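The values are calculated or read from the model by the stated rules, or taken from the named source; none is laboratory data. Here the structure is a predicted model, which means the values were calculated and not measured. Here the Cβ is made from the backbone with ideal geometry for all residues, glycine too, and neighbour counts use every protein chain on show. With ligands, DNA and RNA removed, areas are computed over all heavy atoms of the protein, side chains included. Shrake-Rupley method; radii C 1.70, N 1.55, O 1.52, S 1.80 Å.
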Amino acid sequence: MRITRALQIGIGALAVAVAATGCGGGSSKTAVENAADGKLTIGVKFDQPGLSLRNKDGSFSGFDIDVAKYVAGKLGVAEDEITFKEAPSAQRETLIQNRQVDFVVGTYSITDQRKEKVDFAGPYYLAGQSLLIRADNTAITGPESLNGGKKLCSVRGSTPAQNIQKNYANDVQLQEYDTYSLCVEALKAGAVDALTTDDIILAGFAAQNPGQLKLAGKPFTTEKYGIGVKKGDTESRGRINDAIEAMINDGAWKASLDKNFGSTGFQPSAPPQVDRY
Ligand code: GLU
């Protein structure tokens with residue numbers, strides 16, 4: 001009897017908790033609705049210099065951060081009302097589906113596979129998969145030169161890792177970590193021969209490690225960066241698309257890329273056309 005009563009209380013408490021937070025622990029409102037309340041939770045990377053970096057003082061900087069802040073501003077949310085939540089590559093869809101974030105601005109490629117779970121505003125940038133190697137390496141010049149079982153690092157749940165598994169699996173040893181900064185440590189320590197992901201991410205790491213790391217070869221895919229939103233939330237997607245277009249048209253988009261990559265020698269892509277699917 002006692003056990004039954006305890007169980008009932010437990011179930012009651014659980015029901016209250018689920019009702020208060022929505023299924024999966026996030027907000028029950030859409031991004032635009034949360035913005036109307038004056039607050040947004042945005043999923044970003046924490047460890048990608050030039051794009052999205054959490055600094056020692058707790059502030060955030062980089063092109064993706066500028067995009068996130070600009071979009072929030074257009075939705076009426078001040079910078080200090082944004083909560084940035086870490087969104088590692090493999091967790092982005094889940095964070096959006098569970099409404100633990102309002103949207104993700106995190107070097108997030110628009111793909112058909114991901115579109116089954118989330119929707120995308122954008123694209124707001126066009127990147128391409130490339131390779132990062134130690135500066136003294138002259139043997140690796142592109143994906144073909146990874147033949148012979150070279151050790152290649154990438155990140156779980158990322159399109160570059162999937163591309164390697166699909167197209168180069170017989171030739172290379174892929175090692176998957178949770179973040180790119182862990183791959184950079186492995187590369188510097190000599191535990192892997194190369195790191196593969198988007199050129200703009202690699203350029204940020206190369207700039208952070210001058211004389212130690214360099215990009216190799218030319219980009220060999222096209223990665224369209226989108227802002228991931230809850231599937232079916234056409235209102236938020238439309239408003240975010242408006243914001244991306246405004247950022248490109250009023251010069252803030254180029255100003256951010258100049259600020260974050262101007263001194264690195266990396267040539268960012270031209271602004272893309274937003275896709276109003
Ligand atoms: N853009 C690629 C992707 O979305 C690689 C970068 C990343 O993992 O964030 O998977």
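Angle check, please: helix 180-189 long axis (alpha carbons) against the longest principal axis of the chain (alpha carbons), in degrees 0 to 90, nearest 10.
30 degrees
At 25 °C and 0.890 mPa s, what whole-number value in µm²/s does Stokes-Einstein give for the translational diffusion of region 44-200, with Rh from the Kirkwood sum over Cα pairs?
146 µm²/s
Roughly how many Å is it from the Cα centre of region 199-277 to that of region 34-102, as a whole number?
15 Å
For the chain, what is the mean residue ellipticity at 222 nm derived from helices alone (per DSSP H run of n ≥ 4: -39500 (n - 2.57); sum divided by total residues; nearest 500 deg cm²/dmol)?
Value at 222 nm, helices only: -11000 deg cm²/dmol.
Count the lysine pairs in region 51-119 whose Cα atoms sit under 23 Å apart, keeping only pairs 8 or more residues apart in sequence or on different chains.
6
Between Asp57 and Lys231, what is the label-to-label distance in nm when each label sits 7 Å out along the Cα-to-Cβ direction?
4.2 nm
Compute the accessible area per residue over the chain, keeping the other protein chains in place, probe 1.4 Å, unit Å².
With the other protein chains kept in place, the chain gives 47 Å² per residue.
Based on DSSP loop calls and a cut-off of at most 10 other Cβ atoms within 10 Å, the longest stretch of the chain free of exposed trypsin sites (Lys or Arg not before Pro) is what?
Counting only loop sites that pass the neighbour cut-off, the longest clear stretch is 57-275.
With all protein chains present, how much of the accessible area of region 123-222 (probe radius 1.4 Å) comes from carbon and sulfur, to the nearest whole percent?
Percent of accessible area from carbon and sulfur atoms in region 123-222: 46.
Taking N as the number of residues in the chain, what is its Cα Rg relative to 2.2 N^0.38 Å?
Output field value: 1.10.
Just to verify a number: what accessible area does Thr234 come out at with the full protein assembly present, 1.4 Å probe, Å² rounded to tens?
90 Å²
Using the basic label-point model (7 angstrom from Cα toward the beta carbon), what is the Asn170 to Glu33 distance in nanometres?
5.2 nm
Against the longest alpha carbon principal axis of the chain, how many degrees, from 0 to 90 and to the nearest 10, is the axis of helix 252-261 turned?
50 degrees
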